[in-house]
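The values are calculated or read from the model by the stated rules, or taken from the named source; none is laboratory data. What you see is a predicted model; the values in this text were computed from it and never measured. Cβ coordinates were reconstructed from backbone atoms using ideal geometry, including for glycine residues, and neighbour counts include every protein chain displayed. Surface areas here come from the heavy atoms of the whole protein model, side chains and all, with no ligands, DNA or RNA. Shrake-Rupley method; radii C 1.70, N 1.55, O 1.52, S 1.80 Å.
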Amino acid sequence: MEICRRNDEIEISELDPFLAELLRQIPASADPEGTPAAEKRLFSPPTSGTETEICAEWKLYVEPELRRLFQTATETVAADLEQLDGNEKKIASTLRIPSKHADAWLSALNQARLVIAAKYDFTDGELGDHFRSPIGSRRDLSLFQVNFYGFLQEFILRELGGWEKGSGD
Amino acid sequence: MDKNVTVTTFPIWKNAGPSTVDKPTIEKETRSEEDLDLPWQVVVHNDPVNLMSYVTMVFQRVFGYPREKAERHMLEVHHNGRSILWSGMRERAELYVQQLHGYLLLATLEKAS
């Protein structure tokens with residue numbers, strides 16, 4: 001896999017079918033439905049629990065807005081991922097992410113990482129072990145997924161810094 | 001303890017001018033202590049999943065902090081488990097917490113002690 005910035009896009013090329021499939025799974029992985037721990041993490045309370053009035057208002061007014069915000073981000077990512085449709089059998093695919101979608105990608109990748117981590121209740125040690133191999137179980141695969149999405153986030157963040165500096169020029 | 005406090009509002013001047021100044025009207029009202037806007041704190045808690053670089057970017061964007069200050073707060077969260085990012089009026093603190101949740105950070109609103 002190769003990842004680089006070309007003008008106003010991030011280009012991920014030489015994507016093998018395995019990594020392309022992991023990318024396709026971002027929107028589904030970001031969905032907390034059916035995983036109470038993930039739901040609790042994405043929609044955590046705004047206070048430590050003592051301010052019940054604030055928490056009630058939050059549930060009523062803020063939480064639906066957050067749901068919409070997160071959903072919009074995953075929908076943007078899902079639309080970008082359509083570039084990979086029909087390439088399932090190809091040895092290598094290419095994905096281009098427009099710079100204006102960078103925030104949506106950061107959000108969707110973060111949602112997916114948080115949901116997966118909550119689902120498998122990874123320990124701090126597991127999350128910090130970037131050299132764990134080989135992938136021998138569903139848990140290992142999910143940990144790899146979290147790290148792979150984290151790598152993409154890091155790259156986008158680095159490039160985003162460049163774009164933001166550039167836009168001010 | 002009596003939870004009612006008296007709040008004196010600004011005097012209202014009638015027909016203010018150079019030669020004639022009426023006696024100011026002083027309005028008094030009673031509010032409960034809870035209604036007063038005591039300082040609130042925006043606290044961010046540690047989360048092993050969120051990337052350090054991501055948290056730094058969020059602090060820069062939400063609070064407008066320079067990179068060094070944002071990194072200092074990020075490291076405080078990382079090492080101490082929490083950091084107070086801002087304190088002030090409740091409405092603004094709520095808005096900050098909402099923005100931080102929008103970036104998927106673990107943030108809470110706390111009354112300053």
Taking the condition of being open to solvent by 10 Å² or more (accessible area, probe 1.4 Å) and more than 10 Å from chain B (Cβ to nearest Cβ), how many residues in the range A:102-119 meet it?
2
Take the residues in the range B:76-112 that are of a type in the set (Lys, Arg) and either on the phi > 0 side of the Ramachandran plot or not in a strand (DSSP E or B) (or both); name whichever of them is farthest from the other protein chains (Cβ to nearest Cβ).
B:Arg92
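Okay, residues lined up against (1) in contact with a strand residue (DSSP E or B) (Cβ under 9 Å, 6 or more places away or on another chain); (2) touching a residue at least 24 places away in the same chain (Cβ under 8 Å); (3) aliphatic (A, V, I, L, M); (4) under 18 Å from A:Ile116 (Cβ atoms):
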{"site": "A:Ile3", "(1), (2), (3), (4)": "yes, yes, yes, no"}
{"site": "A:Leu42", "(1), (2), (3), (4)": "no, yes, yes, yes"}
{"site": "A:Pro46", "(1), (2), (3), (4)": "yes, no, no, no"}
{"site": "A:Thr72", "(1), (2), (3), (4)": "no, yes, no, no"}
{"site": "A:Thr76", "(1), (2), (3), (4)": "no, yes, no, no"}
Output yes when any residue across the range A:14-21 is more than 18 Å from the chain's Cα centre (by Cα) and open to solvent by less than 20 Å² (accessible area, probe 1.4 Å), and no when none is.
no
